[in-house]
Amino acid sequence: MTAIAIGADHAGFTLKESVKSWLLAQGHTVLDVGTSSTDSVDYPDYAALVGEAVSGGAAERGVLMCGTGIGMAIAANKIPGVRAAVCGDVASARICREHNDANVLALGARATEREQALQIIAAWLATAFAGGRHARRVEKVMGLEQRDVSRVAAG
Ligand code: RB5
C-alpha cells in the first residue's frame, strides 16, 4: 500500500472527496492537504503542499485535481523533485509511470468523470517505472532543475 498526498482547488474538491474515499477503501494511507469546500481558492497553494509532501518524503505519490489538471501540473513541477503529469486516459497514466516515473498525477475534474478518474489512478498506482533507457532520460529531466538560465543572454 502507498502513502498518497492529495490536493485540489474548488474545481477539483468534489472529485478529491471521491478519490480520497476510494484510496482509503483500497487500503492506502492518504494525506489530504485540502481544499475543504467548493469555495474559490488558488490551485498553486495546493500543488505546492502536495509537491512538497512527495518531494520531502511525507508521501510516496501525489494526486492533484483542479478544473483541467493543467494548472496543478504546471505549479507542482516547480517543486524540486516533482514529476507531475496530467492524464485524461489510462494509457497515459501507465506511460507516465513507465517512461517518466511521474510521482504526481494531475486530473481535470471538469474533463474527467469520477469512474474514469478512478481507473486512471488505479493504473497509475499499479504501474512501475521501466528504468533502462528511460532512467537516463529522467535523470536528464531532473538535471534541468540545476539549469543556468542566464547562459543564453539577450543580445
Ligand atoms: C479554476 O477556475 C481553474 O482555473 C483551475 O481549476 C484549473 O483548471 C487551472 O488550471
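The values are calculated or read from the model by the stated rules, or taken from the named source; none is laboratory data. All figures in this text were calculated on a predicted structure; none of them were measured in a lab. Note that we place each Cβ from the backbone using ideal geometry, even for glycine, and neighbour counts take in every protein chain shown. Note: accessible area is taken over every heavy atom of the protein model, side chains too, but ligands, DNA and RNA are not part of it. Shrake-Rupley method; radii C 1.70, N 1.55, O 1.52, S 1.80 Å.
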Residue count, region 83-116 (criterion: in contact with a helix residue (DSSP H, G or I) (Cβ under 6 Å, 6 or more places away or on another chain), in contact (Cβ under 8 Å) with a residue 24 or more places away in the chain and within 16 Å of the ligand (Cβ to nearest atom)):
7
Tell me, please, whether a residue that is surrounded by fewer than 17 Cβ atoms within 10 Å (Cβ to Cβ), of a type in the set (S, T, Y) and in a loop (DSSP other than H, G, I, E, B) can be found in region 128-150.
yes
Yes or no: region 8-15 includes at least one residue that is in a strand (DSSP E or B) and crowded, with 22+ Cβ neighbours inside 10 Å.
yes
Number of positions in region 32-50 that are farther than 16 Å from A84 by Cβ and open to solvent by 20 Å² or more (accessible area, probe 1.4 Å):
8
Which one is farthest from the chain's Cα centre (by Cα) among residues in region 56-73 that are within 10 Å of the ligand (Cβ to nearest atom) and open to solvent by 60 Å² or more (accessible area, probe 1.4 Å)?
T68
Of the listed residues (A102, A122, A53), the one being assigned to a loop (DSSP other than H, G, I, E, B) and open to solvent by less than 50 Å² (accessible area, probe 1.4 Å) is A102
Where G27 falls short, out of the listed (1) at negative phi; (2) more than 16 Å from the ligand (Cβ to nearest atom); (3) surrounded by fewer than 17 Cβ atoms within 10 Å (Cβ to Cβ)
(1)
